[in-house]
Every structure is written in C-alpha cells, then in structure tokens.
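Okay, so here's the structure we're looking at.
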Amino acid sequence: MVKLVNKEVGQVGYGLMGLTWRANPPSQEESFNAMRTAIAKGAYFWNGGELYGSPERNSLHLLKEYFTKYPEDAEKVVISIKGGLVPGGMNPDGTQKNVQRSIDECLKVLDGKKYLDLFECARVDPNVSIEDTVSYIAEYVKAGKLGGISLSEVGANTIRRAAKVHKILAVEVEFSLWCTDILENGVAQACAELDIPIVAYSPLGRGFLSGQFQKYEDIPKDSYLRFFPRFQPDVFDENIKLLHEVEKIGLEKGATPAQVALGWILAHDRKPGMPQIIPIPGAITSARIEENMKPVTLTEEDMTALDGILKRFVPVGERYHAGGMTLTWA
C-alpha cells in the first residue's frame, strides 16, 4: 500500500479531473457524492489541478467547498495539485514568479480548509532548468506551507536531476495497457532506484478500457475525448480491439475490463525493478468509483496472456496532438 506524506493512501486513488474539466460538469451534490464514495471505498489519494477547469472554477474550488462541508475528511485525504502553467492556458511556465503565483493561488483558494499536501508542475518548462523550478517549490516545503513535491510527465534524467535538489515524493505519468512507455524509457527504473512512488494517471486509457465506448458514436459530442488522436473515427475500430481482448479476460475472471486494466497496473507494483504504483482512475458516479476500487488480482498466466495481447495490438495514434500538452521525457 502506497504511503504519501507519511499517510497510507490505499492501492487505488481518485482523479478529480472529470468533476470540473468537462463541458457539462456534474452538480456540486453529484461531485460530493462521488468524493464521499471515494473515501468510503478507501481512495485516500486525490489528484486535481489548477488547470482542471478555469481560473475561476477548478479542482481547488471544489475541494474547498467539499472540505468546508465535510471538515472531518480533510485529514483522511492526501491531495496532489498540478499547476505551474500560464494562467488560463496550457503552456508550462516554471519561472520563480509563476511557480510562486501558482502555489499562492492554490493556498488562497483552499483557504485553509485543506492542507496542500503535494504540488507539481503539470509539465516541465523547457526554458527553465528543473533544478531551478524544484528549488522554487522547495521554499514552500521549508516554510511549512506545502507537504512535498511531486513531478508530472518527466523523463528518467529529469527525475534524477530533480531528486538531487529536493526529495521527490511522487512522479505522475501516464501508465496503462494503452500506454506502457515507462517500462521502456527508464522512468519506472529511475523511480524504483530512488524509491519514488509512481502515480499512474489515465489508467483506463481515458475511459477507452472501461468499456463504455464500443463505437466512435458512443463518445458524447461535447466530450474533450473527441480531440485525442486515438479516439478519432479512422482509428477507433482498430484501437477497440485491445478492449475486446481485455473484456475476454474479464469474463473469465468475473470482472469488468476496467478492473482487469487496473489489476494489470497493480501487478507491476514493487516487482523487481519497479517502484510502488498507485493508479488514479477518474469517475463522476459512485457506481464507477465502486467498480474501480475492486481491481482484479491477476495471476502470472493472466499477465502472460496480457503481455501477448499487447504485442499484437499496438494503439494507433499519438497520445496527444502535436502542439498540444506534449511530453518532455527529458
């Protein structure tokens, strides 16, 4: 079980993105119900972002409202917030001025209703050294205003460089049956060597591995998913083949494809050469959260079968559009 800022947070966390970053976000009551369910089922690590919504309405505003109504839950949960982008935009800005602005804004919005446990810049600014950016965040840790530092979408070399400046408590990267990059690019190895847990975002391939989309038309017309390359109509039918194979294993195990996909991630947890891993599936309904909190335990035979499937079915299309929120892997 993963421990962050000296707290046990469970084996599966909760991603807050969908509660505020969508065309038609759920109501406050619906969001609160989802958040209460997450706690009730043991998801004590919550991941949000200054970018998940607008400067006027994002994860931080929702968290403030939630912990104002349920102050008894504040100590139960560890929150990690992504920031460090140009206000209202998606471009990274790791300068001292913007890092300070971003953290100060997080603290202002939370208004003392919840301690800021972890902060990370959503992407690395190519114009500012990671050493400098981490040093700016570290000042808040030293001042007691922040629990610790995490990193987001970084490469192995960046992780090692950052860790020389200040202790890194977590590294958030995409990891799923749909995105296995960290197994080959050295990120998992670096985290294992430095004893840094990996926070696996989009563990269900942005919903693709949940089974909710069987054809392109199933994606809501106002969904941001329609902008991702792997969801485009010309490649959708090819990419859905991976889901169908995962569904077959799920039927054998009496589990949903989402539970198989999450089980696959957890099967890598602390294997030789691997760090601790906590997936953070997002969901807006209590039913989905309850499903995600019951990942299936996979056998070695299951893992071998899934490895064979991954060799046969390689996702078509990039994770992000060129020029969008891209990776650094530096």
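Just checking, how many residues over the stretch 157-186 are without any contact (Cβ under 8 Å) to a residue 40 or more places away in the chain and either under 24 Å from Asn127 (Cα atoms) or crowded, with 21+ Cβ neighbours inside 10 Å (or both)?
14
Report every pair of residues separated by at least 6 positions or lying on different chains whose Cβ atoms are under 6 Å apart, first residue within the stretch 44-70 and under 21 Å from Cys121 (Cβ atoms), second of a type in the set (Gly, Ala, Ser) and open to solvent by 40 Å² or more (accessible area, probe 1.4 Å).
Sorted first by the residue in the stretch 44-70, then by its partner, the pairs are Pro55/Gly88.
If we keep just the residues of the stretch 147-191 that are among the β-branched types (Val, Ile, Thr) and part of a helix (DSSP H, G or I), which is farthest from Ala305 (Cα to Cα)? Steps first, answer last, please.
Looking only at the stretch 147-191, we keep the residues that are among the β-branched types (Val, Ile, Thr), and these are 149, 154, 158-159, 165, 168, 171, 173, 180, 182, 187.
Of the ones still in play, those that are also part of a helix (DSSP H, G or I) are 158-159, 165, 182, 187.
Working: Thr158: 33, Ile159: 32, Val165: 42, Ile182: 20, Val187: 24 Å.
Ranking the qualifying residues of the stretch 147-191, first place goes to Val165.
When the residues of the stretch 20-71 are narrowed to those that are of a type in the set (Phe, Trp, Tyr), part of a loop (DSSP other than H, G, I, E, B) and modelled with pLDDT of 95 or more, which ends up surrounded by the most Cβ atoms within 10 Å (Cβ to Cβ)? Give the steps one after another, and end with the answer.
Initial filter on the stretch 20-71 (of a type in the set (Phe, Trp, Tyr)): 21, 32, 44-46, 52, 66-67, 70.
When the remaining residues are screened for being part of a loop (DSSP other than H, G, I, E, B), the result is 21, 44, 52, 70.
Still in the running and modelled with pLDDT of 95 or more: 44, 70.
Numbers: Tyr44: 22, Tyr70: 16.
By that ranking, first place goes to Tyr44.
Could you please give the count of residues in the stretch 284-309 that are more than 25 Å from the chain's Cα centre (by Cα), in contact (Cβ under 8 Å) with a residue 24 or more places away in the chain and open to solvent by 60 Å² or more (accessible area, probe 1.4 Å)?
Number satisfying all stated conditions: 0.
Looking at the stretch 217-235, I want the residues that are within 16 Å of Arg319 (Cα to Cα) and touching a residue at least 12 places away in the same chain (Cβ under 8 Å) and have a partner that is assigned to a helix (DSSP H, G or I) and among the acidic types (Asp, Glu) with Cβ atoms under 9 Å, at least 6 apart or on another chain. Which pairs are those?
Pro233/Glu217
Just wondering, is there one or more residues in the stretch 6-16 that are touching a residue at least 12 places away in the same chain (Cβ under 8 Å), within 22 Å of Ala287 (Cβ to Cβ), open to solvent by 20 Å² or more (accessible area, probe 1.4 Å) and out of contact with any Asp or Glu (no Cβ under 6 Å at 6 or more places or on another chain)?
Filtering the stretch 6-16 down to residues touching a residue at least 12 places away in the same chain (Cβ under 8 Å) leaves 7-16.
From what is left, the residues that are within 22 Å of Ala287 (Cβ to Cβ) are 10-16.
Adding the requirement that they be open to solvent by 20 Å² or more (accessible area, probe 1.4 Å) leaves 11.
Checking which are out of contact with any Asp or Glu (no Cβ under 6 Å at 6 or more places or on another chain) leaves us with 11.
Scanning the stretch 6-16 turns up at least one residue that is touching a residue at least 12 places away in the same chain (Cβ under 8 Å), within 22 Å of Ala287 (Cβ to Cβ), open to solvent by 20 Å² or more (accessible area, probe 1.4 Å) and out of contact with any Asp or Glu (no Cβ under 6 Å at 6 or more places or on another chain).
Within the stretch 187-228, track down each residue that is hydrophobic (A, V, I, L, M, F, W, C), at pLDDT 90 or above and in contact with a helix residue (DSSP H, G or I) (Cβ under 6 Å, 6 or more places away or on another chain). Lay out the reasoning, then the answer.
Going through the stretch 187-228, the residues hydrophobic (A, V, I, L, M, F, W, C) turn out to be 187-188, 190-192, 194, 196, 198-200, 204, 208-209, 213, 219, 225, 227-228.
Now narrow it down to the ones that are at pLDDT 90 or above: 187-188, 190-192, 194, 196, 198-200, 204, 209.
Correct list: Val187, Ala188, Ala190, Leu194, Ile198, Ala200, Leu204, Leu209.
The values are calculated or read from the model by the stated rules, or taken from the named source; none is laboratory data. As the structure is a computational prediction, the values presented were derived from the model and not from experiment. Positions of Cβ are backbone-derived with ideal geometry, glycine not excepted, and every protein chain shown enters the neighbour counts. Note: accessible area is taken over every heavy atom of the protein model, side chains too, but ligands, DNA and RNA are not part of it. Shrake-Rupley method; radii C 1.70, N 1.55, O 1.52, S 1.80 Å.
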